[in-house]
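A short reminder: the numbers here are calculations on the coordinates, not readings from a lab. Note that this is a predicted model, so its numbers are computed, not measured. Because the Cβ atoms are built from the backbone with ideal geometry, glycine has one as well, and the counts that use them run over all protein chains shown.
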Amino acid sequence: MEFPAALFPSYFGTGPPLEEGGPAAVAGWGEHGQVLEGGPGRRQVQPTFVPRRGAAGERWEAADAAAVPVLLPSAGCWIPSPVPQDILYRGGLCTKLRAGKSGATLDFARQLGHFFVDHPEDAFGSLGRLLHKNFYLGNAKLKRPARNSTIRMTALLEDINRLEARRGCPRQHLTSRLRWFSHLCRDWLFEVPLGLLADCLHEELMQQWSNLLFDDSFTGGALAWLPPEDGGTPVGRLVHPGGQAMNHLCFQDVVLEELPRARGSPAQFELSGRIRQVAAACVDGQDFVGVRSDYHCGVWRVPGRTGAAPAPLQVISTDVPASCLTVSPHLPGELSVCTQSGTVYLWSVETGLQQLRHDPQTMFFRDHSPWRWSDFTAHPRVLSCADRTGLQCLDARAPKKCHFDLFKVGEEAGCQQGERVVLPMYLGRAHPSQYLVTTQFSVYVLDERLPLVPVLKWAHMMKAPPLFAHLMPGNPRRSHKVLLGTSRTQELLLLQYRGKRASSRVTAEPGLLCAHVPASLLLGSPAALAFMLTSFGAVSSGGSQSACQLAGTPQKLHSIAECLQHLPTQLPHRHHLLQQRLTAPAAGLTATLQEDGLHKSMVVFQLSEAGDVFCQRLTHKAAQPPAPPLRDEATTAPGSSPLFEAPASSPQGLGTTALRYRRWLRALSRACREPPRHTWPPSLSQRRLFTRRDLEGPAGSSSLQRQMRQRLLQTMQEGGRIQRWEPLALQPPPLPQTLEPDPLSTRLTAAWAGDWEQWWEDRTSFSVAQRQQALRERRRRQKRARGRRSLSASFTSSLTYQSELSELSDSGPLLLSPGRPPILSQEGSPPAGSPAVRSPPMSPAPGEALLSSQSLRCRGIPKERQKTLRDYLSVWAEGPPEPSEPPGSQASQLCIPSSQSQLSSASQPCRKRPRMGF
Amino acid sequence: SSHEHKLNFKKSKEACLNYIQDALLQKQWKRAAEFLTCYVESLEKDYSRERVGPSEMIWRIGTEILWHHSQSSMKEFSCFMEQMKTLGVKRYLKVCLEHVFHLLCNGQIDEAYQNLSLAESWRFGEQTAIQDKEMKLIQAYRGLLDYYSWSKQKNILLEHGEDGFSDLAVEQEMHGYFRKAAVNLKEIIKIPGVWDIFVKCYVDLLEFYGDHNEARQVLNEYAYNSKFPANPNAHVYLYQFLKRQGESKNSLISALKILHDIVPSHELMIDFNTMLQKSKKRKKRRLGLEVIFAALDYAGWKENAKAWSCLVRQVKQIVSSEKHLDWIKQEWNPRKEWWPAFHFSRYLAKRNWQENKSLSYEKALVAGILLGKDCKYFKYVSRQGCKAQLKRFRMLKKFVNRHDPVHLRISG
């Protein structure tokens, strides 16, 4: 590869950056930078000049109004990563604390509190068990002997609640009781020493916060495109992470049609960590795919033939998180790995790992970031290695001795203060000795042969640092294209640059060009004029290498989140979910060029942290006529959604796009259905319900059974139903089996005979009567042994039981009786719109079993309340069944005598309800 | 209140800027222009203390829009630029320079020259370091344009000279251009930087007037001053100058040796190798082998048939004479681990054969000598060659078979 005969002029200085730092919103516009003589060797005519930036580039236009999903969302809901509100302090103190320089205050106390609440076993497990007896949660005052060894916690809890309510009040004082308690307990109550726990939590919080500000673990991106080998078939492979934890590596065949379409199911590999980066390179017709997670790196080989299965080759694990994995474009099975401690390895599948460098310090000046990167260069034995301060090249044969500086954050490259390297990338497919370096402000193209001086520099003006880059190499006739992508803001920027002047093969183009020249000259369009001149200059140069220049203007592509405005209106909570999903930070980027006769198009894929892959197609517009009113200017009226309206140009394109969205939305709502599992009514397994012996039941089959069986068989043949689906027709809950000698057989017989309803009626009334009898019995016994009764503690538990009881006695039979007699029906579907709501299952009848202290303890009812409950139930049994009252009124009516019968009239209403027999 | 007003104003300014940015990035020049007319208002109430003030933003955005807007003209552009020059004193030179660049790219050389002269005479208080640099660049570009005028006059003179007719006025004018160009160009190339185009022009001037010593000094300074970046072109220019001067082989070789040390993959390495191969001295031929091996290490040279034929020539010579096999051994040893996969895989044999038969011939010969006749690359190519009944490939097979034991001695 030839070196350009002349480079653009530039000053060269050494040392730290002079220019003051800071992002400049428009720094990339309106500058040519420098100019260089374009056509050497023509003395007669006037010299022509080409600019470093501002030459005409290719014209690419988006085919659709927004990016379109490629894959359906995977099952299982995505867990969004934390947002600033989760860990920042909110409240009155906030403003006061924010006066400091840091700007953000982490809500340390809240997080620690979360830990105690969410993991009480881990936080207080053993001491909690030890001290269980010494904490009293009741409302009642403690008696003398108990008071010596027991603390009453209720007051303490009240204090805490009061404190919570007064949060943000500037004049809040800690109650002395709380202070006393915390002084007393601070040292010994916690399972993990509080200081240690706090340190760990604080460290984690700081980590989370810095990740929120800038998360570099996804540098490089976790999406790769493996193009088909021959280029003839439009089937390539998309390599992307999937699954809820993003730990499944998927190789998905994708057909590039009007809209890329997934074909077949992907080859999947489950990995033991979240996939951070997927890197791929094609060597000798085979694709090598490197996958990086925090502590593991793996390499897969994908044979060039379509349909061949990817084969895992090797996995390495690291002690510290790996920060980079790149695949050699020169030698099969070679990769480079960097870890956060500053170690760089050359990893060969055949010979293993070779450590090239170990240096925890950064290269050119001190920077705190542990991030390291490395990539390959034009020489297969020379690797570049980078940290935030710059790039060096190392010779793997003598890494200690042979190295040179390729890029330095400093005056050499005209950097700004505070500028840091974000992503270096070897541009070998475009030019073997060129390199791309992005920082948060600018993008640089470097040439190894002229280190330290960028051959191209441009301020990219992106809102976040570009973590992803993808190169689409051009050829002598076409510019190289570089896509830059950011993570949090999902920005995508398309740049074009030329490293080589058009070769003699271009001579076919002037004719084509000239056709447009008069028109553009008439209109005096400077762009068209520049285009004409540069192209002529290009033709005259005849294939020699020219200095690198930026072509065309940078172009913004659609981000995933932008499609939100085009989607049909959703319910607010759906909209929120969708918004959350679509605005998830980007996690990768890849693209491919597709040439099909005259039509050239570019397909850009973008991956989000939620695992969604969206794509967009750009079409190449050949030599530009001085564009009449731009199409896109017309279509960007807010609120309009050309995706779902038929554009005149592509009638069939609309259908597929809109359809794709509908399918994706439907799948998403299915995957992220809201109700968590535990709120569903529990279903009963039949295996638990009937034991084997139960089912064997009466030996021999009666004629009824035979008949039944026959009908069953018939129904099955006809594809009908035995029983119509009805929300109310439920299996009744199991009943205590001791009441009947063989309840199952009687029940089944009754059911088969058709008078099951009657049987149930009988049965429930019987059992209620029986239980009432039993309770009455008990009450009488208790009356006899009457002492002081306590019905203290909270009302709630007793209320529950009361309502359950009343339900059982009043509406029980009504609820449990099936709406209509169970008949074998062959009618079609259940009535449309009948909700699949099942009534809540009945709690078991509160018979003796309920009242036994054993069972009460099992239900988690504290000891001191067990007696209360038992008393209450016994009382209830006496009274006539009455409709349950609304809880509110009951709470005010019910008066509970304290165990000491010292009625403090101020707090508790006097006892009434004589019907209860008190 | 006024504070709130400021805040709101700032917010709406930012929003407007965002709209403009969005439009620019989507090539919606008209929309951007409309927003920019609103943004101009921000000039009146510029409360910002930011590094980049609104006047610079308007300059940059306006320029970009005028470059691309379908209805803009050069005249409008120049008018806009003149206004922008008066907007900010600090940026005056920068805007001038950019204006000149645009004129140059659009072929308006004379206007550009006028603008440069105007900018050169601009004075305002004390100059900052950046302004100083910009002023030097302005002078250098004026020098460059003077050089082009000089070169034009020179060509006229040369043509007329052929007719045996000389024009004194034209000659006078030419010398005038020379003086103006030389003064300015000489200034800038003293400062560390990449000044390829200026150096080339300056040396051309000096050579024309026979000041070879000065030219040599300038080129030496440009190539060897450690304050300058390691620019391969500096060495190339020096080498070309020495060649034009008819310098001895030795000085050419030493110039190229330094280039080889800096950039082993430079395209001049082929010339260097040919030069060294022809040398009588063993040491130089040895260096030649090293140079060509080193060049072929690079991915950019992988399919360079010329380089491979250089290597073949030298390897053939060494193998046939059976002398200095240790040279090959020394070069081959550090490469035998990775060259087979890098150059001589079966996949590459297939592809090279399909795309470039002569390249595959050269590579097969090297592979056969270095790896023996059983190597995949050689086997594939020689079989294909024999199948296609190419005489050359039969000879190749014979040669490799005859020298098959060599590979054992090399790798042993």
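The distance separating the Cα centre of segment A:50-69 from that of segment A:357-374 comes to 36 Å. Name the residue, out of B:Ala364, B:Ala140, B:Ala388, whose mean-square fluctuation peaks in a Gaussian network model built on chain B with Cα pairs under 10 Å. Among B:Ala364, B:Ala140, B:Ala388, the largest GNM mean-square fluctuation belongs to B:Ala388. Computed over segment A:254-305, the Cα gyration tensor eigenvalues convert (square root of 5λ each) into semi-axes of 23, 16, 10 Å, ordered from largest to smallest. By the Stokes-Einstein formula, at 0.890 mPa s and 25 °C, segment B:209-257 with its Kirkwood radius over alpha-carbon pairs has D equal to 222 µm²/s. Between A:Leu598 and A:Arg666, the simple spin-label model (points 7 angstrom out along Cα→Cβ) gives 3.9 nm.
Test of understanding: ordering B:Glu126, B:Glu221 by Cβ neighbours within 10 Å, fewest first, what list do you get?
Listed from fewest to most nearby Cβ atoms, that is B:Glu126, B:Glu221.
The smallest convex shape that holds all Cα atoms of segment B:230-384, its convex hull, gives 115 Å³ per residue.
Counting other beta carbons within 10 Å of each residue's own, what order do A:Glu350, A:Glu191 fall into, fewest first?
Ordered by Cβ neighbours within 10 Å, fewest first: A:Glu350, A:Glu191.
Once divided by 2.2 N^0.38 Å, the Cα radius of gyration of segment B:126-242 becomes 1.17. Taken over the Cα atoms of segment A:233-349, the convex hull encloses 105 Å³ per residue.
The equivalent ellipsoid of chain B has semi-axes of 57, 33, 20 Å, largest first, where each one is the square root of 5 times an eigenvalue of the Cα gyration tensor. For A:Leu88, the residues whose amide H sits under 5 Å from its own are A:Asp107, ignoring neighbours fewer than 5 places away on the same chain, with H placed 1.01 Å from N.
What translational D, rounded to a whole number of µm²/s, comes out for segment B:26-128 from Stokes-Einstein when the hydrodynamic radius is the Kirkwood one over Cα pairs, at 37 °C and 0.692 mPa s? Approximately 223 µm²/s, per Stokes-Einstein. Cross-link pairs exceeding 20 Å between alpha carbons, from the set B:Lys30/B:Lys94; B:Lys249/B:Lys281; A:Lys141/A:Lys783; B:Lys154/B:Lys190: B:Lys30/B:Lys94; A:Lys141/A:Lys783; B:Lys154/B:Lys190.
Structure note, pairs B:Lys302/B:Lys376; B:Lys363/B:Lys398; B:Lys316/B:Lys363; B:Lys278/B:Lys391; A:Lys463/B:Lys13; B:Lys75/B:Lys133: Cα-Cα distances above 23 angstrom occur for B:Lys278/B:Lys391; B:Lys75/B:Lys133. Under the combined filter of DSSP loop state and at most 16 neighbouring Cβ atoms within 10 Å, segment B:173-272 retains these chymotrypsin sites (Phe, Trp or Tyr not before Pro): B:Tyr209.
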